[in-house]
Amino acid sequence: MAGDVEEYLRPGVKTPFCPGCADRILVRLILRAIAELKIDIDKMLFVSGIGCAAWIPSPHFNADTLHTLHGRAIAFATGAKLFNPELITMVVSGDGDLAAIGGNHLIHAARRNTDLTVICVNNMVYGMTGGQVSPATPMGIFTSTTVEGNRERPFDLCKLVAAAGAEYVARYSVGQPSPLVSSIKKGIETSGFSFIEVISPCHIQFGRRNRLDTAAETLKFFAGKCLMKDEAEGLSPEELGDKIITGEFSNGRDQAD
Amino acid sequence: MAWKEVRSALPPGNYYYSGNEAAAEGAIAAGCRYYGGYPITPSSEIMEWIAVRFREVGGVFIQMEDEIASLSSVIGASWAGAKAMTATSGPGFSLMQEGIGYAAMTETPIVIVDIQRAGPATGQATRVGGGDIMQAKWGSQGDYPVIAISPWSVQEMYDQTINAFNLAERYRVPVILLAEQAVGHLRERMDVREKIAIFNRRKEKGAAPFGGGDDGVPPMPAFGEGEKLLVTGSSHDDYGLRKVADPLVQARLTARLHNKIVNNREEIIEYEDYYAEDADVIVIAYGFTARSSLFAVERLRREGKKVGMIKLKTIWPFADTLTRDVGSRAKKIFVPEMNRGQIAGEIMKYTCCDIIPYNQTDGEIIHPTTIMGELRRLL
């Protein structure tokens with residue numbers, strides 16, 4: 001399966017990602033969704049902000065890429081998409097970029113239901129700048145700026161974006177490749193605002209500060225936390241604890257059917 | 001070259017427009033078909049005019065959630081192939097600074113109209129100011145090129161907005177129309193010619209989009225043309241590939257960005273000379289203040305006084321050669337400004353001539369009689 005996305009990778013590019021980074025997995029999963037849809041990648045535009053996740057499309061993807069200012073990827077993408085609606089436009093950026101500094105653009109694009117597919121790569125931390133707390137960091141987690149554990153509640157990004165009016169909203173982890181690829185395909189095919197939160201753990205900045213010494217341990221930790229939506233149904237808040245619920249939370253196409 | 005003559009969007013003739021309306025029409029005439037904006041006094045009429053007129057000429061208008069988003073969307077649209085603009089005033093212009101630096105670094109042609117009001121901060125939103133001169137050049141981090149133009153009339157709001165788009169497309173650079181509230185809200189006659197000359201960005205399939213040519217300006221493809229573009233605000237090589245620790249790449253890029261404007265400045269810089277040839281005292285003025293100055297200079301000339309005026313139409317890049325020349329001829333240079341001496345300081349960089357600044361920051365225009373009184377004391 002890995003071979004079929006090779007043609008979509010920019011030739012000669014050395015990946016800047018750390019060994020074991022989950023974003024490396026996501027590079028291929030996004031491209032696999034595009035390959036399965038048989039989209040001509042020259043018709044696509046990939047827009048990203050600042051941070052590790054922003055480097056997923058730029059420079060890895062052999063397509064038009066726009067690597068923008070911190071937090072502003074969705075606003076840049078809005079201008080390009082509105083002027084040329086033929087561009088199949090995808091935003092790939094991190095939780096800090098899209099939900100903290102760029103939070104305003106995120107909710108307004110969802111409100112407008114702009115035809116973009118936004119992949120929010122959630123590593124729950126500012127990875128590139130040294131592992132500071134983000135608005136998606138769970139409570140109690142140690143980061144370089146929460147040395148006694150995070151005391152702030154994180155956003156439930158899917159609820160936030162669904163409430164703002166997005167057409168399609170889903171959350172999966174890189175450890176759930178099959179439903180994630182299907183979800184990215186649905187996001188691209190949805191006309192309107194699609195938001196896919198991808199749990200993509202950072203073992204360097206998140207894992208090592210929280211007694212997860214290797215990439216494998218970090219991935220396993222999150223695999224154990226992720227629960228499919230139907231599995232979570234009927235569980236009490238105590239039973240749910242700090243589980244991460246994955247699945248589709250808003251699907252405009254289903255509602256239309 | 002990519003110059004061509006097109007028919008004006010407005011039927012030729014005389015119009016009685018405000019400066020803000022004229023800027024909107026100038027943009028449409030130049031081929032602007034994307035506008036992202038956010039309301040702010042005293043520039044909002046530009047956005048409102050565009051919102052109506054784009055429905056007639058087929059442009060894309062969106063009111064964004066803030067000025068940061070407005071400018072970001074404008075840059076995105078420009079790379080999608082649009083001639084794109086936004087308009088704002090002081091507080092919004094401050095929010096746009098990071099985006100202006102990004103546009104300069106990525107060599108994105110965009111036009112920003114800044115209808116200056118009395119600052120600092122919220123200041124006096126409906127009153128006139130001219131305090132954004134240095135911000136237009138130095139507002140974002142690092143050294144980067146911009147072109148800034150200062151119009152003094154409704155006619156120039158129209159003509160110079162067209163010029164702003166031509167310069168942006170010609171040099172792949174952000175161009176700022178640094179107008180003042182007094183010009184934006186001025187209402188007077190404006191002439192529209194049938195044909196106007198416009199420049200459309202050069203395209204060359206497969207060419208390095210950040211490589212520069214003989215004049216330092218590379219061709220610019222658009223998204224969707226199969227060029228597999230890498231556009232980034234990080235330091236990059238000729239093909240846009242990020243090179244964030246290579247001293248040679250950084251040195252070459254920053255030098256080229258600077259030189260493509262500075263080396264072409266004789267072609268970019270425009271000014272007007274009024275009686276300066278044999279004058280002992282020369283006024284250097286721009287924008288609305290140049291109107292008041294010209295009135296004063298013409299009165300004093302009728303009295304036989306040797307006084308003249310240079311009207312700066314281009315603010316950035318600064319007219320250094322002109323300033324040197326004027327400084328070598330004049331006994332004194334009088335510089336009236338609606339700020340605390342931003343251009344006066346710039347003039348001092350290029351001449352040892354006696355510079356007399358006059359600074360008024362009370363939210364009012366500088367009256368012709370004020371300038372006349374000041375000049376009488378110098379003559």
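Laid out as a table, the results:
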{"quantity": "Subset of the range A:100-123 [surrounded by 24 or more Cβ atoms within 10 Å (Cβ to Cβ) and either more than 11 Å from the chain's Cα centre (by Cα) or in a strand (DSSP E or B) (or both)]", "calculated": "A:G102, A:H105, A:L106, A:A109, A:A110, A:L116, A:T117, A:V118, A:I119, A:C120, A:V121, A:N122"}
{"quantity": "Residue in the range B:262-282 that is in a strand (DSSP E or B), without any contact (Cβ under 8 Å) to a residue 24 or more places away in the chain, out of contact with any Gly (no Cβ under 6 Å at 6 or more places or on another chain) and not acidic (D, E) present", "calculated": "no"}
{"quantity": "Restricting the range B:19-43 to residues that are more than 18 Å from the chain's Cα centre (by Cα) and either without any contact (Cβ under 8 Å) to a residue 12 or more places away in the chain or over 21 Å from B:L167 (Cβ atoms) (or both), the residue that is surrounded by the fewest Cβ atoms within 10 Å (Cβ to Cβ)", "calculated": "B:P39"}
{"quantity": "The range B:44-73, residues that are surrounded by fewer than 20 Cβ atoms within 10 Å (Cβ to Cβ), of a type in the set (S, T, N, Q) and within 14 Å of chain A (Cβ to nearest Cβ)", "calculated": "B:Q63"}
{"quantity": "Residues being in contact (Cβ under 8 Å) with a residue 40 or more places away in the chain, buried (at least 24 other Cβ atoms within 10 Å of the Cβ) and among the polar types (S, T, N, Q) - total across the range A:1-60", "calculated": "1"}
{"quantity": "Hits in the range A:2-46 - residues which are among the aliphatic types (A, V, I, L, M) and assigned to a loop (DSSP other than H, G, I, E, B)", "calculated": "A:V13, A:L37, A:I39"}
{"quantity": "Residue list for the range A:201-216, filter: part of a helix (DSSP H, G or I) and in contact (Cβ under 8 Å) with a residue 12 or more places away in the chain", "calculated": "A:H203, A:I204, A:Q205, A:F206, A:G207, A:R209, A:N210, A:A215, A:A216"}
{"quantity": "Spans of strands (runs of 3 or more DSSP E) in the range B:109-199 with at least 3 residues closer than 27 Å to B:N14 by Cα and in contact (Cβ under 8 Å) with a residue 40 or more places away in the chain", "calculated": "B:110-118, B:174-180, B:187-192, B:195-199"}
{"quantity": "Some residue of the range A:35-42 being within 14 Å of chain B (Cβ to nearest Cβ) and either within 18 Å of the chain's Cα centre (by Cα) or among the aliphatic types (A, V, I, L, M) (or both)", "calculated": "yes"}
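Quick grid of which residues meet (1) farther than 17 Å from B:G363 by Cβ; (2) crowded, with 24+ Cβ neighbours inside 10 Å; (3) assigned by TED's automatic domain parsing to the domain that holds B:G36; (4) within 16 Å of the chain's Cα centre (by Cα):
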position	(1), (2), (3), (4)
B:M105	yes, no, yes, no
B:P109	yes, yes, yes, yes
B:I112	yes, yes, yes, yes
B:T122	no, no, yes, no
B:A125	no, no, yes, no
B:G130	no, yes, yes, yes
B:W138	yes, no, yes, yes
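The values are calculated or read from the model by the stated rules, or taken from the named source; none is laboratory data. As the structure is a computational prediction, the values presented were derived from the model and not from experiment. Note that we place each Cβ from the backbone using ideal geometry, even for glycine, and neighbour counts take in every protein chain shown.
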